[in-house]
Amino acid sequence: MNPVTQSLIDQIDNPALLAWVEAWDAIEQVVIRVCKGGAVGKRDEQDFIATKRWLLKHHAAYAPALESYWRRALIKGVGPATEDPFERLLAFDQARDFVDNLDAARLLPAVRQAINEWLLDTIHAKQH
């Protein structure tokens, strides 16, 4: 997991939120492996399908809170996010769709930024 994200979730005692963050981390890992590797393995397909299925059931609970964060995020090489990068990644049908897909890879920093900023604000709100 991203070290910044890990340090933030270490400060939050919410198993459901932890599972959600870990699921997005798993999606990120699949996208990176497949995009960089230029090929998809059986594990990549299985991981993506299972994680996507889980996120489709659970992401809606977090989507409204994340909107203001992803709207401020930058899509690498494109500029500010104009569409929900979480929804865009969930719209892919299978892991093989990420082979050499730089557009999908460019969504990852915006997702990570939105998650980290939201977690930081969640921690600060709990402290005050």
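The values are calculated or read from the model by the stated rules, or taken from the named source; none is laboratory data. Computed from a prediction, not measured in an experiment: that's the story for all the values here. Because the Cβ atoms are built from the backbone with ideal geometry, glycine has one as well, and the counts that use them run over all protein chains shown.
Miscellaneous remarks
- Some residue of the stretch 20-30 being over 13 Å from the mean Cα position of the chain (by Cα) and either under 16 Å from residue 108 (Cβ atoms) or at pLDDT below 95 (or both): no
- Residues (in a helix (DSSP H, G or I) and buried (at least 17 other Cβ atoms within 10 Å of the Cβ)) located in the stretch 57-70: 59, 66, 69, 70
- Residues (within 13 Å of residue 92 (Cβ to Cβ) and out of contact with any helix residue (DSSP H, G or I) (no Cβ under 9 Å at 6 or more places or on another chain)) located in the stretch 6-52: none
Quick grid of which residues meet (1) out of contact with any Ser or Thr (no Cβ under 8 Å at 6 or more places or on another chain); (2) farther than 17 Å from residue 27 by Cα; (3) buried (at least 20 other Cβ atoms within 10 Å of the Cβ):
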{"residue": "72", "(1), (2), (3)": "yes, yes, no"}
{"residue": "82", "(1), (2), (3)": "yes, yes, no"}
{"residue": "85", "(1), (2), (3)": "yes, no, yes"}
{"residue": "95", "(1), (2), (3)": "yes, no, yes"}
{"residue": "99", "(1), (2), (3)": "yes, no, no"}
{"residue": "105", "(1), (2), (3)": "yes, no, no"}
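- The listed residue being closer than 24 Å to residue 14 by Cβ, of a type in the set (D, E, K, R) and without any contact (Cβ under 8 Å) to a residue 40 or more places away in the chain, out of 33, 53: 53
- Output for the stretch 37-50, where each listed residue is exposed (fewer than 13 other Cβ atoms within 10 Å of the Cβ) and either part of a loop (DSSP other than H, G, I, E, B) or in contact (Cβ under 8 Å) with a residue 60 or more places away in the chain (or both): 38, 39
- Yes/no for residue 103 being part of a helix (DSSP H, G or I), free of Cβ contacts under 8 Å to residues at least 40 places away in the same chain and either out of contact with any Phe, Trp or Tyr (no Cβ under 7 Å at 6 or more places or on another chain) or within 17 Å of residue 23 (Cβ to Cβ) (or both): yes
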